[in-house]
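Below is one structure, written out as structure tokens; comments come after it.
Any read-out appearing in this document is the output of simple, stated calculations on the displayed coordinates, not a laboratory observation. Everything numeric here is computed off the predicted structure, so don't read it as measured data. Ideal geometry is used to build each Cβ from the backbone, glycine not excepted, and the neighbour counts take in all protein chains shown.
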Amino acid sequence: MQGKGQPNIYLIGFMGVGKSAVGRNLARAMRMQFIDSDWAIEQVAGKSISKIFKEDGEARFRELEREFVETGHPETGVVVACGGGLPVQPGMSDLLKQKGVVVCLFARPETIMARTIGNPKRPLLNVENPEERITELMAEREPIYMKTGIGVTTDGRGIAEVVSNITRIYRRELRLR
Ligand SMILES: Nc1ncnc2c1ncn2[C@@H]1O[C@H](COP(=O)(O)OP(=O)(O)OP(=O)(O)O)[C@@H](O)[C@H]1O
Ligand SMILES: O=C(O)C1=C[C@@H](O)[C@@H](O)[C@H](O)C1
Ligand SMILES: [Mg+2]
């Protein structure tokens, strides 16, 4: 794989901004491996995200996220699509920045709503008024997202366009290192 040995790329941002979809395409373009933290955690736990939340609680899920970042994935050559809440718990922002290039995808609440509606993988949005929940959670998380990753907006932009933007950012960051 051509990107083997290169610093990891971590995609962060709110649920539905496109981390998984963009990450898969970015990894292909960069010839790097692709790992989705939500998927990796489901493999370790042997159950779905919604089952982990229901049976073990959110705190256990956050522990699994920490283990994934600390020891659960290769140190180089990987594009990691992070779960929406992964950078939020204490210490994670600095840890991600140490480990690689962090890019944060953004989208407006209406866009997020349209992209996430009816998906059972996002138990936090499985509430009576998901729009309100998105706005609240976003306001809480935005400062952390902004200080952790280089921002890329995705509203009205297709996946290929977002991928080529990130490719340029990554090359620039490698030159600066
Ligand atoms: N730029 C884009 N334009 C149009 N649709 C998009 C774009 N990015 C992602 N999508 C679509 O939006 C949906 C949500 O994207 P995705 O699952 O990649 O989000 P995510 O950030 O990984 O969310 P989560 O944090 O919950 O895992 C998918 O159906 C995806 O194909
Ligand atoms: O934003 C969040 O806290 C979450 C996002 C998803 O990717 C999953 O990691 C899970 O549903 C929690
Ligand atoms: Mg995802």
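Assorted remarks:
- Separation in nanometres of the label points that stand 7 Å from Cα toward Cβ, at Leu174 and Arg60: 4.1 nm
- Antiparallel content of DSSP bridges confined to the chain, in %, to 5: 5 percent
- Theoretical ellipticity at 222 nm over the chain - DSSP helices of four or more residues, -39500 (n - 2.57) apiece, nearest 500: -17000 deg cm²/dmol
- Cα convex hull of segment 84-177, projected area averaged across orientations, nm²: 6.7 nm²
- Comparing Arg31, Arg115, Arg157 in a Gaussian network model of the chain (Cα springs below 10 Å), the most mobile by mean-square fluctuation is Arg157.
- Approximate spin-label separation Asp155-Ser48, in nm, with each point projected 7 Å along Cα-to-Cβ: 3.2 nm
- Exceedance of the 25 Å cut-off in Cα-Cα distance is limited, within the set Lys4/Lys147; Lys51/Lys147; Lys4/Lys97; Lys19/Lys47; Lys54/Lys97; Lys99/Lys121, to Lys4/Lys147; Lys51/Lys147; Lys54/Lys97; Lys99/Lys121.
- A Förster radius of 22 Å, combined with the Cβ-Cβ distance separating Lys4 from Arg24, puts the computed FRET efficiency at roughly 0.80.
- Pairs of Cα atoms in segment 8-168 fall into 5 Å distance bins, from 0 up to the last occupied one, in shares of 2, 9, 19, 23, 22, 16, 7, 1, 0 percent.
- Percent RCO, i.e. relative contact order, over segment 8-168, from Cα pairs under 8 Å lying at least 6 residues apart: 37 percent
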